[in-house]
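The values are calculated or read from the model by the stated rules, or taken from the named source; none is laboratory data. All values reported here derive from a predicted model rather than from experimental measurement. Cβ atoms come from the backbone with ideal geometry, glycine included; neighbour counts cover every protein chain shown. In case anyone asks, the SASA skips ligands and DNA or RNA and just uses the protein heavy atoms, side chains included. Shrake-Rupley method; radii C 1.70, N 1.55, O 1.52, S 1.80 Å.
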Amino acid sequence: MSKVIKSSDNQELASEKSYFDSRMADLGVTPENNRISVFSSDDSTTPKIKEIFTKDSEGNIKILFPNLDGGNYTYTAETKDNPEKSFYRTRLKNPKGDMKYSQPKDSGIFPFFPPKLVEKFSQKQELKTLFIVEGEFKAFKGSIHGLDIIGICGKDLFVAEKGSKELHPDIIRVIEQCKVRTIVLLLDADTLVVKWEHGKEMTERPYSFLGTVQKFSSACDDVRNLENSPLKRIHFSHIKSDYLKKAKGLDDLLILESKKASEVVYDLNKLEKATKYFHGFNVGDLTEKKLKKFFGLDSFQSFHGLYSPFFGEKDIVFHGGQYIVQDGKYIAVEKDKSGDLNLILTEQMKNEFSKADPKDRLGLMQNWKDDSLKYGIVTTKCGYMAANIDHLKKHISFTQISNFTLNIKYHIKTSRTNKRVIELINDNGNKVSIDIETKQLSSFQLFKEITEGQGNFRFYGKNTELDSLKAKWFSEEKSCIQLETLGYQKDGFFAFSNGIFNHTFHGLDSDGVVSLNDKNYFIPYHNPKDENQFINERKLFFRESEVTFEQWSKAYIDVFGKEGGVVLMFGISCIFSDIIFKKMESFPLLFLYGEGGTGKSKLATFIQNLFGFPQTALKLSEKANTDKGKIRKMAQFVNTVVFMEEFVNRIDDAAIKTLTGIYDRLGYERANTTTNYGTDNVPINSGVIMSGNEYPTND
């Protein structure tokens, strides 16, 4: 049976083809330069030909990310059948709001290396100037025109993970191997652009770009200061704002000036001396004050002179101060003159005011006025109110934007996805406390989904009002560091599942948080939702005891004799194993050999009481305990004791290599995060006691 294709179907197919093909044509992508020969992790001998840009079934453009080692970046998927997948970022044919790109969840941060740069890296060619640009298309187009260039997936994503202050290790590898002398961060023509919104702090975007330059400079400085580093200059450039409407990015500019592409590249390579297409500076030549002036942040006059085309004569907020136009000129509305503003309360606010204790009413009104001027939002028992400030009429009126209030109890920083513990209270007094990912506050739609999903918690404000609320929430939240591994911490204490020990024990609160030295720490193992969760972690449990260590150790040796003395000394040394390993570059395994029933297991198990409840022993002869599983066990805790029993000489070579690797603390690498060579190292953090009825025949 044949299918009849309607004209509308033809148009849709043509449109899909047109988007991909037109982008490829504009970029100069050909079948030849779109191919790359890569090795897979499964087969390191036979390369496969892959295309960098491909079209998916919906007409989107999928982008493959080559790595520096002859392969492509991969990430760990949450499936058993295919745990490791090639990483692709997808340019959406039809963007969803502000989202133009998508990538698999928790797949990591990767730089985009054009094939020409990968080739130069493999050949150890020296590179005079290395450019970092936001976007894969820009990097590919720039590479075609002779630039040594790397693409990043966001203006701040020259790092390996969000929140890091260090350059991505693979970018560092390029700098070191190719002896890069000058590194340049190149941004788009919208760098010096602001977007006006009523009541919005106008300096947010310029400060964001200033922060990007400062973070880039600091990260590159760390590399430049390394011994024998080839890096000498750190530079920042952006496409001139004149090209904003014609060519926002480098790829657009090279397409627009296709007949003068060599002139564009020449001007870019002039760096701070560029005159026609680019504007920039050598970061090392500018003080912080001059850097702020570049972004118009040193004074209102600088800001107005640079950005006034974007807001005309509208009232603006600059560094928290109100500026309004009177008689054709901007004047500042001083904060100390705002006291004569009258509050026009809603019925709900009048009701709350009347029910307040008379001695608290003045403070309540002052809080509403202060928050109106500082955030443009006030908090009431019936929800949030947006403040509408009219300086000319000298009053503040209010519009309700929610039926609930939100309190961020803690902002928890983790190595993967940052999260927050929030508490919602609606106008009926219903209260909900939940953990959320940070992105659920960054997206307007996700925010509404998470709040409305908890019940009668409705937000009917605008995106800008949510931004104002976030400014208020974030200023009041407590920062918190998640302790993902228990045991000794670099901040100088020992973490248990129920608290931390630093001369004295500090227990967790109901949220799993403990404070020490003005820092908050979150331990995620304190109250699992499932009794089968975190079984091993919960065994690392601090227990008060009336028995002193002197009494306990004497009893231990009395029971186990001289062998007990050896095991006791080994257990104590494990508490300091990181120091010993740093000095000796190795840490021994203790092997308990003897016939069955001689007490080997008791020796090892009892010493683990130093760290809480004894952990279940790993059986070396069981296939269920994989070699990687054994190493993961030793990565869970820092400076404790892991017990492995039932050593026999017939265990396979892989297990033997795992044991010898433990001596040198060589863990294993996995490809689910971005460290050197696109892998994540699973470390060995604890000491190991082994036992067996057989003595090893293979020394």
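Residues that are more than 19 Å from the chain's Cα centre (by Cα): find the strands (runs of 3 or more DSSP E) completely inside segment 82-147 holding 3 or more of those. Correct list: 84-86, 88-96, 129-134.
Considering 190, 170, the condition of being within 28 Å of residue 253 (Cβ to Cβ), open to solvent by less than 10 Å² (accessible area, probe 1.4 Å), out of contact with any strand residue (DSSP E or B) (no Cβ under 7 Å at 6 or more places or on another chain) and not polar (S, T, N, Q) is satisfied by 170 alone.
When segment 193-209 is filtered for residues that are within 24 Å of the chain's Cα centre (by Cα) and open to solvent by 20 Å² or more (accessible area, probe 1.4 Å), the ones remaining, listed by number, are 204, 205, 207, 208. Residues that are within 38 Å of the chain's Cα centre (by Cα) number at least 2 in the following helices (runs of 4 or more DSSP H) confined to segment 523-608: 535-539, 549-575, 577-584.
Per-residue answers, yes or no, for (1) surrounded by 17 or more Cβ atoms within 10 Å (Cβ to Cβ); (2) at pLDDT below 95; (3) over 28 Å from residue 697 (Cβ atoms); (4) touching a Phe, Trp or Tyr at 6+ places or on another chain (Cβ under 6 Å):
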| residue | (1), (2), (3), (4) |
| --- | --- |
| 549 | no, yes, yes, no |
| 557 | no, yes, yes, no |
| 561 | no, yes, no, no |
| 564 | yes, yes, no, yes |
| 574 | yes, yes, no, no |
| 585 | no, yes, no, no |
| 591 | no, yes, no, no |
| 595 | no, yes, no, no |
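Within segment 156-207, can you find the residues that are more than 18 Å from residue 279 (Cβ to Cβ) and assigned to a helix (DSSP H, G or I)? Matches in segment 156-207: 169, 170, 171, 172, 173, 174, 175, 176, 177, 204, 207.
In segment 493-511, the condition of being more than 30 Å from residue 401 (Cα to Cα), touching a residue at least 60 places away in the same chain (Cβ under 8 Å), out of contact with any Cys (no Cβ under 9 Å at 6 or more places or on another chain) and not in a strand (DSSP E or B) is met by at least one residue. Across segment 90-109, the number of residues qualifying as surrounded by 13 or more Cβ atoms within 10 Å (Cβ to Cβ), closer than 19 Å to residue 417 by Cα and among the charged types (D, E, K, R) comes to 1. Among the residues of segment 448-456, are any within 25 Å of residue 523 (Cβ to Cβ) and either touching a helix residue (DSSP H, G or I) at 6+ places or on another chain (Cβ under 7 Å) or among the aliphatic types (A, V, I, L, M) (or both)? Yes, the conditions are met somewhere in segment 448-456.
Can you find even one residue in segment 317-327 that is open to solvent by 40 Å² or more (accessible area, probe 1.4 Å), among the polar types (S, T, N, Q) and not in a helix (DSSP H, G or I)? Yes: one or more hits.
Is it the case that some residue within segment 232-249 is open to solvent by 20 Å² or more (accessible area, probe 1.4 Å), under 25 Å from the mean Cα position of the chain (by Cα) and under 25 Å from residue 276 (Cα atoms)?
Pass one, segment 232-249, residues open to solvent by 20 Å² or more (accessible area, probe 1.4 Å): 232-233, 240-246, 248.
Next, from what is left, pick out any that are under 25 Å from the mean Cα position of the chain (by Cα): none.
No, segment 232-249 contains no residue that is open to solvent by 20 Å² or more (accessible area, probe 1.4 Å), under 25 Å from the mean Cα position of the chain (by Cα) and under 25 Å from residue 276 (Cα atoms).
With 401, 396, 408, 436 as the choices, which residue is open to solvent by less than 20 Å² (accessible area, probe 1.4 Å), more than 17 Å from residue 468 (Cβ to Cβ) and in contact with a strand residue (DSSP E or B) (Cβ under 8 Å, 6 or more places away or on another chain)? None of the other options fit; the residue is 436.
Applying the criterion of being open to solvent by 50 Å² or more (accessible area, probe 1.4 Å) and at pLDDT 90 or above to the residues of segment 415-428, the residue that is nearest to residue 349 (Cα to Cα) is 427.
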